[in-house]
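The values are calculated or read from the model by the stated rules, or taken from the named source; none is laboratory data. Keep in mind the model is a prediction, meaning the values are calculated, not measured. For neighbour counting, all protein chains shown are included, and Cβ atoms are generated from backbone atoms with ideal geometry for every residue, glycine included.
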Amino acid sequence: MDEETWPATQRPSRIREVQAGRLSWTSVDVLDLEGGDGRPLRDALESFGVQVNYLPIGQPRHFVAALDGSRTVAPYVILCCHGDEGRVLLDELAPEIAAHQPFNGSAGPEDVRAHLRLPGSVVINNGCETGDPRLADAFLDAGASAYIAPSGAPFGYASVFAPLFLFYELTEQRTLTEAVTRLRAHDGELGMWEMRHRH
């Protein structure tokens, strides 16, 4: 059997594109903020045939530099972070460093609108309460095509599993809407993730 015929005999999956010679079928920017779950997520996503740009974020200006449009933002962005009341939490900094940041402590809707540019990217946020509609709308206003995040406070490992579940579904050629529907149906914890679209 020749190389072009063989993939057609296998069950459908985006991984077939990688088996046929592509380096990946999509790319993801994984921003590892205070949450620290980015490294295991990176390893798992790479096994799905996804190119991962791992970006450790130590300061608010790193967060801005990663997503302000000065570099090409990947089609998917995953924010590995903690959240609270519709804000992305960032590490507290020494006063000497904090004085030079665009914002400090957390990023809310006003900070996202002022500093981020996400042309067409799908943003997946795993921080607690980051599914707040005001924060979601800010990411959409900054150019995201969709924003997926939990409305409540899921337990820790649910926040690691949610993006993996979504990318499993996407690798299996489901649409983003189908993937989110299946994620939400899995159980009550994953049911907290909600998706908002640009209108």
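Tabulated results
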read-out: Filter result (farther than 19 Å from ALA65 by Cβ and in contact (Cβ under 8 Å) with a residue 40 or more places away in the chain) within segment 87-128; value: ARG87, GLY120, VAL122, ILE124, ASN126, GLY127, CYS128
read-out: Near pairs, Cβ below 7 angstrom, 6+ apart or cross-chain, from segment 7-34 (more than 16 Å from TYR76 (Cβ to Cβ)) to any residue that is surrounded by 16 or more Cβ atoms within 10 Å (Cβ to Cβ) and of a type in the set (Lys, Arg); value: PRO7/ARG16; GLN10/ARG16
read-out: Looking only at segment 155-176, and only at residues there that are over 13 Å from the mean Cα position of the chain (by Cα) and closer than 17 Å to GLY38 by Cβ, the one that is modelled with the lowest pLDDT; value: GLY156
read-out: Cross-chain or 6+ apart pairs with Cβ under 8 Å, segment 59-74 first and surrounded by 16 or more Cβ atoms within 10 Å (Cβ to Cβ), then part of a loop (DSSP other than H, G, I, E, B) and among the polar types (S, T, N, Q); value: GLN59/GLN101; PRO60/GLN101; PRO60/ASN104; ARG61/GLN101; VAL73/SER121; ALA74/SER121
read-out: Cross-chain or 6+ apart pairs with Cβ under 9 Å, segment 165-178 first and within 16 Å of LEU190 (Cα to Cα) and in contact (Cβ under 8 Å) with a residue 24 or more places away in the chain, then part of a helix (DSSP H, G or I) and of a type in the set (Gly, Ala, Ser); value: PHE165/ALA179; LEU166/ALA179; PHE167/ALA44; PHE167/ALA179; TYR168/ALA179
read-out: Count of segment 163-193 residues which are within 20 Å of CYS81 (Cα to Cα), out of contact with any Pro (no Cβ under 8 Å at 6 or more places or on another chain) and part of a loop (DSSP other than H, G, I, E, B); value: 0
read-out: Residue list for segment 165-190, filter: of a type in the set (Gly, Ala, Ser) and under 23 Å from PRO40 (Cβ atoms); value: ALA179
read-out: Some residue of segment 29-37 being farther than 23 Å from THR175 by Cα and at pLDDT 95 or above; value: yes
read-out: Considering residues of segment 17-58 that are surrounded by fewer than 18 Cβ atoms within 10 Å (Cβ to Cβ) and among the basic types (Lys, Arg) only, the residue nearest to SER159 (Cα to Cα); value: ARG39
read-out: Residues that are under 10 Å from LEU190 (Cα atoms) and either touching a strand residue (DSSP E or B) at 6+ places or on another chain (Cβ under 6 Å) or part of a loop (DSSP other than H, G, I, E, B) (or both), drawn from segment 153-162; value: PRO154, PHE155, ALA162
read-out: Residue count for segment 75-94, restricted to those that are of a type in the set (Gly, Ala, Ser) and over 14 Å from GLY108 (Cβ atoms); value: 1
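Conditions (1) under 14 Å from the mean Cα position of the chain (by Cα); (2) modelled with pLDDT under 95; (3) aliphatic (A, V, I, L, M), marked per residue:
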| site | (1), (2), (3) |
| --- | --- |
| TYR76 | yes, no, no |
| VAL88 | yes, no, yes |
| PHE103 | no, no, no |
| HIS115 | no, no, no |
| GLY120 | yes, no, no |
| ILE124 | yes, no, yes |
